[in-house]
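Any read-out appearing in this document is the output of simple, stated calculations on the displayed coordinates, not a laboratory observation. The model shown is predicted, which means the values in this text are computed figures rather than measured ones. Positions of Cβ are generated from backbone atoms using ideal geometry, with glycine treated the same way; all protein chains shown enter the neighbour counts.
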Amino acid sequence: MNNYETYESPFCTRYTSSEMKSLFSAQKKFSTFRRLWTALARAEMKLGLNVTAQQVAQLQSHIDDIDFAAAEKYERETRHDVMAHIKAYGDVCPDAAGIIHLGATSCYVGDNTDIIIMRDALNIIKAKLLGVIKNLADFAEEHKALPCLAYTHLQPAQPTTVGKRATLWLYDLVTDLDEIDFRLKNLKLLGQKGTTGTQASFVELFGGDTAKIDELEREIAKEMGFAESVPVSGQTYSRKVDANITATLSAIAQSAYKFGCDLRILANFKEMEEPFEKNQIGSSAMPYKRNPMRCERMCSLSRYIITNAASPALTAASQWFERTLDDSANKRIAVAEAFLAADAVLNIFLNVTDGIKVYPTVVTKRLTAELPFMATENIMMDAVKRGGNRQELHEKIRVHSLAAAERVKEGDGVNDLPERIASDPAFGVTLDDVNAVLKPANFVGRSVEQTENFLNTVVKPLLRQNSGLIKTAAELTV
């Protein structure tokens with residue numbers, strides 16, 4: 001059966017990067033099993049158990065040359081994937097076959113491998129998230145002083161700037177980066193805790209020498225690149241770890257979804273667009289279309305990540321005592337796909353933020369059409385300073401505003417509110433006076449200053465601190 005006659009995950013064929021797919025491959029998983037078995041044997045040898053340097057060397061030399069056909073044959077016979085790979089490893093390491101997995105239980109390799117892979121995957125996610133932050137920081141800097149219409153309830157409100165709006169997207173991502181750093185900082189190896197977490201098998205092996213058991217755990221953690229192992233556990237590490245990490249990926253998806261939705265709306269307003277390539281087709285039926293398909297895909301995948309995060313949470317909640325196996329099938333899908341999808345979302349996010357198109361003429365035109373309504377409070381306050389009655393002027397502005405809005409919606413589309421105010425003697429202003437007030441920059445408050453402060457005090461230091469990790473671009477398959 002070829003690839004066109006059986007199901008293949010779209011994450012593998014369309015969305016996810018090679019580096020992330022490689023992390024969740026069988027080769028990575030089972031070679032990490034072998035690294036852990038080798039680390040265990042090396043530490044046991046160092047601490048005086050009957051393990052030889054020759055056996056450790058043989059294990060070390062066969063970490064990557066996995067005979068998957070043999071392992072699959074053994075698994076059909078044993079119905080146990082870990083024992084199948086112990087046997088397959090023993091076939092190529094005959095001198096060490098008798099000491100592979102000595103004192104350990106399946107979760108020694110299974111759970112520790114999962115932790116290692118999640119750590120490495122979080123680092124890939126972090127690099128790409130930093131890239132999106134860098135792209136948006138450059139965008140915010142470039143457009144920090146371009147006034148635009150801001151919204152509350154998706155209705156026109158006081159103006160902001162294009163750059164200031166970008167800082168809202170940025171701040172969400174900065175909080176997501178904080179979460180990733182927290183997860184990485186606090187991620188611990190399971191270690192070798194035994195069948196129910198009591199390390200009873202190692203108490204037997206080391207004749208009750210608990211100092212050697214602790215040293216064994218430290219040696220393995222060090223070799224795997226961890227500062228420490230969890231202090232207590234049942235047979236498994238707490239499934240809260242999976243729930244917390246997928247919740248962090250969900251948070252990134254929430255930020256991406258929000259950005260994607262905003263850009264899709266702005267594309268409808270014709271103010272901004274995602275990149276659109278020379279030969280790209282927006283619609284098979286409507287050749288003129290420039291659909292925001294990348295942001296739509298990003299929102300679609302983000303929605304999957306958000307809903308998928310419920311599965312590890314339910315798994316964590318439903319574990320019985322020291323362990324139960326109803327986590328296994330679920331977590332190998334839910335955790336892997338959370339990372340595959342998050343990687344895909346960030347690939348799109350990088351691509352879009354690397355080439356956002358802004359149309360300043362449209363931005364200014366749309367703001368100018370609404371600005372007279374927003375300037376009425378300033379005009380009213382000036383008239384009050386000249387002796388006018390605030391309540392009477394408020395009522396007049398209300399009446400004039402409703403009439404002008406009616407003309408915009410059902411008349412010729414022209415906002416004649418400035419002319420109406422200038423012709424009303426209660427305000428004591430000329431049309432030139434009113435138009436002098438109607439400068440967009442007068443209504444953006446501290447937008448430019450806030451953007452500069454945020455970039456200079458939060459984002460740029462963060463990017464400098466992580467300068468060697470940033471990935472700022474991604475190729476999309478589709």
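Summary of values
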read-out	value
Overall form of the stretch 66-127 per C-alpha gyration tensor (a/c, 1.5; a/b vs b/c)	prolate
Contour minus Cα-Cα distance for VAL358 and SER328 (0.36 nm per residue)	6.0 nm
Estimated FRET transfer efficiency (THR472, ARG76; beta-carbon r; R0 60 Å; 0.05)	0.80
Dipole magnitude of the stretch 376-437, debye to nearest 20 (Cβ charges: Lys/Arg +1, Asp/Glu -1, about Cα centre)	240
Helix 376-385 axis, angle to the chain major axis (alpha carbon atoms, nearest 10°)	50
Euclidean distance between Cα centres, the stretch 406-478 to the stretch 232-256, Å	39
Dipole in debye (nearest 20) - the chain, about Cα centre, beta carbon charges: Lys, Arg +1; Asp, Glu -1	560
FRET efficiency, VAL458 to ASN123 (Cβ-Cβ, R0 22 Å, nearest 0.05)	0.50
Tilt relative to the chain, helix 68-78 - C-alpha long axis, 0 to 90 degrees, to 10	70
When the stretch 376-437 is reduced to its Cα atoms, the Kirkwood hydrodynamic radius in Å	11.8
Mean Cβ count within 10 Å, highest first, over the residues of peptides 324-334, 82-92	82-92, 324-334
Cα point-scatterer Debye curve for the stretch 106-362, base-10 log of I(q)/I(0) at q = 0.14, 0.15 Å⁻¹	-0.94, -1.02
Cα gyration tensor shape of the stretch 16-92, rounded if a/c is under 1.5, else prolate or oblate by comparing a/b with b/c	oblate
Top positive-direction residue, dipole computed over the stretch 428-478 with Cβ charges, set LEU431, ASN466, PHE443	ASN466
Spin-label model distance (nm) - GLN465 vs ALA436, 7 Å beyond Cα toward Cβ	4.9
Modelled label reach - GLN158, point 7 Å along Cα→Cβ, the stretch 381-423 residues with backbone N closer than 18 Å	381-382
Virtual spin-label span in nm between LYS409 and ASP64, 7 Å along Cα→Cβ	6.8
